[in-house]
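The values are calculated or read from the model by the stated rules, or taken from the named source; none is laboratory data. On a predicted model such as this, the values are computed, not experimentally measured, just so you know. Ideal geometry is used to build each Cβ from the backbone, glycine not excepted, and the neighbour counts take in all protein chains shown.
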Amino acid sequence: MIKITLPDGAVKEVEKGTTPFAVAQSISEGLARNVISAKFNDTTVETTTPLTTDGSLTLYTWNDDEGKKAFWHSSSHILAQALEELYPGIKLTIGPAIENGFYYDVDFGEHTISDKDFEKIETKALEIARGKHDFKLREVSKADALAYYKEENNEYKIELIENLTDGEITFCDHSTFTDLCRGGHIPNTGIVKAFKILSVAGAYWRGDENNPQLTRVYGISFPKQKDLKAYLELLEEAKKRDHRKLGKELELFTFSQKVGQGLPLWLPKGAALRERLEDFLKKAQKKAGYEMVVTPHIGQKELYVTSGHYAKYGEDSFQPIKTPKEDEEFLLKPMNCPHHCEVYKNSPWSYKDLPIRYAEFGTVYRYEQSGELHGLTRVRGFTQDDAHIFCTPDQLDQEFKNVIDLVLYVFGSLGFENFTAQVSVRDLNNPDKYIGKVENWEKAEQAIIDAAKDKGLNYVIESGEAAFYGPKLDFMVKDALGRQWQLGTIQVDYNLPERFDLTYKGSDNELHRPVMIHRAPFGSMERFIAILLEHTGGNFPLWLMPQQCIVLPVSEKHENYAQKVLNSFENHEIRALIDNRNETVGKKIREAELKKIPFMIIVGEQEEADNTIAVRKHGGEDLGSITIEDFSDLIKKEINSTLKSF
């Protein structure tokens, strides 16, 4: 007999060789019907894998992320079989599950594939799925695995196998299909009821542009047809909310090939939006005791060598700028923190002076590959709402919690209410990725976990997601469409103070190292605005809108009254414009709706006579005729309902 510990702490004693599926059956038939994947002692296993030792077992259904991962990974095998049957002689490479669905990279050889082929691939995949073929994982020797793929003439799989050793090579079989695979499958193909090919794209083998170009086939699948229908509707809504589309329609930003890829140009309305966001955070930061600093866009290469950024990110940065002076090199700033360390170092500090909090909207530059650039979410030049707190170890806990409060204030004022906190720690199996002493890492990681617990955050711990110099608390926010984004980060750093020899004089009159907190509630202004655009569909909170209302005179003879209304709005600090074009009021309203303007103010003969305004809300709600003072009160009330106090 062996002892199986379940996530709730319950222990089941079962016969050696019992499978996860059998354990599920012993709990309930309903669970057994729905379980599609499992993890035993932190290793993904099949539901049919015999359990031979004591250990911890987690069972997954479609409703779990790990369950979806197994479902979509299994679906990539179905896709691969369908492609092989439809396009004989192709060479398969890899086919992982991704956040939404899966893909398979394929060398199609002489074959070509386009969206016209999607329907027949889907039909073939569903035909395979309906066969209810079991997924069976088996261990294979390296010699046999190489022999199999040599016969298949597949140099890609051979390359993968050559980097493996005996004992870690497994094949997965289903139907007449076999694939090199680590495991993590659903019980059988019949669980897949809906299948959709989403797109095809080019992809280099192993992401290296010096390697052959393959075709990446993206797909998604579901256990129910209605789930696919809902997902496709979500995709359509996402297209409408695409920040690149909305940014153009709302005249917020643009790009220029002459300026350069990944370097956004902010148009007047977009610049006003950014400025309002910056002012909002600056006001909160001032209350929280931050001081603004300004640092250059470049720095000597030696600065980033000292910080460790050059060693870790040198290849992803713009190449050094050489000056006329021999051996003098500068870099476009990839991070603000080294500059802030030098600002701190400018003065001697006592423990009585700490904490010191420096904030900056600092623009940084990173050379992202052109294929990875995407609107404002992936750019080469972006502005971080960066700040660095230098404090004593005793102050760390409270300072970290204060930053959490600031991040929650930002989210609350902008409508991001659905989020989880992710404690991003080291990958203990890959220590070369990080700098600094192990004991400092352990202290920093524990400090973040303690603060997250004390603040009552819903948090998870993710190994391997830390920055190279320290662990961090990342906020994973779900937008209005249920998509997850990483927004806002707080990091604890014992390492940069050592590398820059930062000190303060303690109460014992000795020099000590401060602890450094890195934080950015927005993350980057560009990416934050992109996500905010898609989250709100361009209907920003009223306090943030570049234009809160537009005054529409019914005819030319009402323009003087319209100007009087506009002047009153300015006195009440309401942002407005007049549309006095020679167009019908109906057309002006339709255009104002497309521009997401919150309020349309119609003024005609009756309004002028009564000294009132007719108010129409974005979306069509008619608020009737009211005084300017009442409208001002309405605006203030709506702003106060969303803009939280800090």
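Elements of the type strands (runs of 3 or more DSSP E) sitting completely within segment 1-59 and holding at least 2 residues that are touching a residue at least 60 places away in the same chain (Cβ under 8 Å): these cover 43-45.
Within segment 170-198, being under 21 Å from E155 (Cα atoms) and out of contact with any helix residue (DSSP H, G or I) (no Cβ under 8 Å at 6 or more places or on another chain) holds for T170, D173, R182. Residues that are closer than 14 Å to M525 by Cα and over 22 Å from the mean Cα position of the chain (by Cα) do occur in segment 282-297, at least one of them. Return the residue satisfying two criteria in turn: it lies in segment 63-85 and is outside any loop (DSSP other than H, G, I, E, B) and without any contact (Cβ under 8 Å) to a residue 60 or more places away in the chain, and of such residues it is surrounded by the fewest Cβ atoms within 10 Å (Cβ to Cβ). Per the criteria, the residue is D65. Scanning segment 356-377 for residues that are in contact with an Asp or Glu (Cβ under 9 Å, 6 or more places away or on another chain), of a type outside the set (A, V, I, L, M, F, W, C) and buried (at least 18 other Cβ atoms within 10 Å of the Cβ) gives R357, Y358, E360, G362, R366, G375, T377.
Selection of segment 415-434 for residues being over 30 Å from G538 (Cβ atoms) and surrounded by fewer than 19 Cβ atoms within 10 Å (Cβ to Cβ) yields D427, L428, N429, N430, P431, D432, K433. So, in segment 316-351, of the ones that are polar (S, T, N, Q) and in a loop (DSSP other than H, G, I, E, B), which residue ends up surrounded by the most Cβ atoms within 10 Å (Cβ to Cβ)? If we take residues in segment 316-351 being polar (S, T, N, Q) and in a loop (DSSP other than H, G, I, E, B), then N336 is surrounded by the most Cβ atoms within 10 Å (Cβ to Cβ). As a summary of the residue check, Y367 satisfies the conditions (1) closer than 24 Å to P514 by Cβ; (2) touching a residue at least 12 places away in the same chain (Cβ under 8 Å) except for the one numbered (1).
Of the residues making up segment 180-197, just one is β-branched (V, I, T), closer than 18 Å to T44 by Cβ and assigned to a loop (DSSP other than H, G, I, E, B), namely I186.
Here's the yes/no breakdown for (1) farther than 24 Å from V294 by Cβ; (2) of a type in the set (F, W, Y); (3) out of contact with any Cys (no Cβ under 9 Å at 6 or more places or on another chain); (4) at pLDDT below 95:
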{"residue": "H374", "(1), (2), (3), (4)": "yes, no, yes, yes"}
{"residue": "I389", "(1), (2), (3), (4)": "no, no, yes, no"}
{"residue": "D397", "(1), (2), (3), (4)": "yes, no, yes, yes"}
{"residue": "V410", "(1), (2), (3), (4)": "no, no, yes, yes"}
{"residue": "G415", "(1), (2), (3), (4)": "yes, no, yes, yes"}
{"residue": "N418", "(1), (2), (3), (4)": "yes, no, yes, yes"}
{"residue": "L428", "(1), (2), (3), (4)": "yes, no, yes, yes"}
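Looking at L354, L428, L406, can you tell me which residue is part of a helix (DSSP H, G or I), more than 18 Å from the chain's Cα centre (by Cα) and among the hydrophobic types (A, V, I, L, M, F, W, C)? Of L354, L428, L406, the one residue that is part of a helix (DSSP H, G or I), more than 18 Å from the chain's Cα centre (by Cα) and among the hydrophobic types (A, V, I, L, M, F, W, C) is L406. Of all the listed residues (E122, E162, E151, E139), the sole one being of a type in the set (D, E) and either within 24 Å of G219 (Cβ to Cβ) or touching a Lys or Arg at 6+ places or on another chain (Cβ under 8 Å) (or both) is E122.
Checked against (1) under 30 Å from G202 (Cβ atoms); (2) among the hydroxyl-bearing types (S, T, Y); (3) part of a helix (DSSP H, G or I), Y310 passes all but condition (1). Within segment 100-126, being touching a residue at least 12 places away in the same chain (Cβ under 8 Å) and over 15 Å from S199 (Cα atoms) holds for D107, F108, G109, E110, H111, K124, A125, L126. Is there a residue being under 22 Å from H133 (Cα atoms), part of a helix (DSSP H, G or I) and in the same structural domain as F71 (by TED's automatic domain parsing) anywhere in segment 206-216? Taking every residue of segment 206-216 in turn, none turns out to be under 22 Å from H133 (Cα atoms), part of a helix (DSSP H, G or I) and in the same structural domain as F71 (by TED's automatic domain parsing).
Pairs linking a residue in segment 139-152 that is under 16 Å from K91 (Cα atoms) to a residue that is loosely packed, with under 13 Cβ neighbours inside 10 Å, with Cβ atoms under 6 Å and 6 or more positions apart or on different chains, do not occur.
State which residue is surrounded by the most Cβ atoms within 10 Å (Cβ to Cβ) when the search covers only segment 520-566 and only residues that are among the aromatic types (F, W, Y) and more than 21 Å from the chain's Cα centre (by Cα). Within segment 520-566, the match that is surrounded by the most Cβ atoms within 10 Å (Cβ to Cβ) is Y561.
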